[in-house]
1. If you go through segment 90-110 one residue at a time, how many are outside any strand (DSSP E or B) and at pLDDT 85 or above?
2. Go through the residues of segment 176-198 one by one and say whether even a single one is touching an Asp or Glu at 6+ places or on another chain (Cβ under 8 Å) and either in a loop (DSSP other than H, G, I, E, B) or open to solvent by 70 Å² or more (accessible area, probe 1.4 Å) (or both).
3. From the list L203, L209, exactly one residue is surrounded by 16 or more Cβ atoms within 10 Å (Cβ to Cβ), at pLDDT below 90 and under 18 Å from R79 (Cβ atoms). Which is it?
4. Based on this model, can you work out whether S52 counts as out of contact with any Leu (no Cβ under 7 Å at 6 or more places or on another chain), outside any helix (DSSP H, G or I) and at pLDDT below 85?
5. State yes or no: is F44 part of a helix (DSSP H, G or I), modelled with pLDDT under 75 and open to solvent by 90 Å² or more (accessible area, probe 1.4 Å)?
6. Here are V100, V136: which of them is open to solvent by less than 40 Å² (accessible area, probe 1.4 Å), without any contact (Cβ under 8 Å) to a residue 60 or more places away in the chain and within 15 Å of V179 (Cβ to Cβ)?
Amino acid sequence: MRLVSILKRMSRPRQCVHSYRSKRVGTKNGFTIIETLVSTTVSFLALTGAVSLLVAGTSTWYKGEGKMLAETQSQRSVRMISGELREAMSVTVDGNGLGVSYRLPVINGSTGNYTTPAIWDNVVRRIEYVSGTIRVVTDGESRILSRNVILTDPQSSGGAAAYVIFAPGSGFIIRKLSVMVATQTATTKGSYTKSRSRETVYLRNIPELSRG
């Protein structure tokens, strides 16, 4: 009996040590609440940073795309207007500088060239600004040449100075005309990208340009 009691006493500390070691091992293999909160916070901050970079990149892309579109619109408008007026035999600029009436000479059907001397083809033509657009009117039929046209010069001081689309050159006999078009394109909410194009047109077939 005594031997059995001694053996029981000797075995008890070993059980306690084994139990304590098991608890320590269990603590090392798991995650505490503090560790979980820290890892969650770090993940949230990293995700927030990635989203911010994505939003900033998207905004920059929209602004670049809007700028290219605005430049294309203004350059295309000036190029087409210049092509029309360059061959005109008569041009009258409106008093406000926002429209022109012009006449083109007859084209020789066999050669494809304008007749000499120049003879009006009897077609009434106009290029004019109407409610944010530039339109070409041919014998009463209108087509839009450019949209999103603005009447403030984006390259002026503060970008708010008014300009005229058609400005005759100076001198007694006028054979040149300045054409300028400014357009804007929406990029992000409440933001616009603006562009301006200008060209001086030298009139080939016109004896004189007049002001309205």
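1. We begin by selecting, within segment 90-110, every residue outside any strand (DSSP E or B); these are 94-98, 104, 106, 108-110.
Restricting the remaining residues to those that are at pLDDT 85 or above gives 94-98, 104, 106.
Of the residues in segment 90-110, 7 are outside any strand (DSSP E or B) and at pLDDT 85 or above.
2. yes
3. Details: L209 fails: under 18 Å from R79 (Cβ atoms).
On inspection, the qualifying residue turns out to be L203.
4. Numbers: out of contact with any Leu (no Cβ under 7 Å at 6 or more places or on another chain): yes; outside any helix (DSSP H, G or I): no; at pLDDT below 85: yes.
For S52, the condition - out of contact with any Leu (no Cβ under 7 Å at 6 or more places or on another chain), outside any helix (DSSP H, G or I) and at pLDDT below 85 - is not met.
5. On the way: part of a helix (DSSP H, G or I): yes; modelled with pLDDT under 75: yes; open to solvent by 90 Å² or more (accessible area, probe 1.4 Å): yes.
It is true that F44 is part of a helix (DSSP H, G or I), modelled with pLDDT under 75 and open to solvent by 90 Å² or more (accessible area, probe 1.4 Å).
6. Going through V100, V136 in turn, just one is open to solvent by less than 40 Å² (accessible area, probe 1.4 Å), without any contact (Cβ under 8 Å) to a residue 60 or more places away in the chain and within 15 Å of V179 (Cβ to Cβ): V136.
The values are calculated or read from the model by the stated rules, or taken from the named source; none is laboratory data. Values in this document were obtained by computation on a predicted structure and should not be read as measured data. All Cβ positions, even for glycine, are placed from backbone atoms using ideal geometry, and neighbour counts span all protein chains on display. Each accessible area value is taken on the protein alone, full model and side chains, heavy atoms only, with ligands, DNA and RNA left out. Shrake-Rupley method; radii C 1.70, N 1.55, O 1.52, S 1.80 Å.
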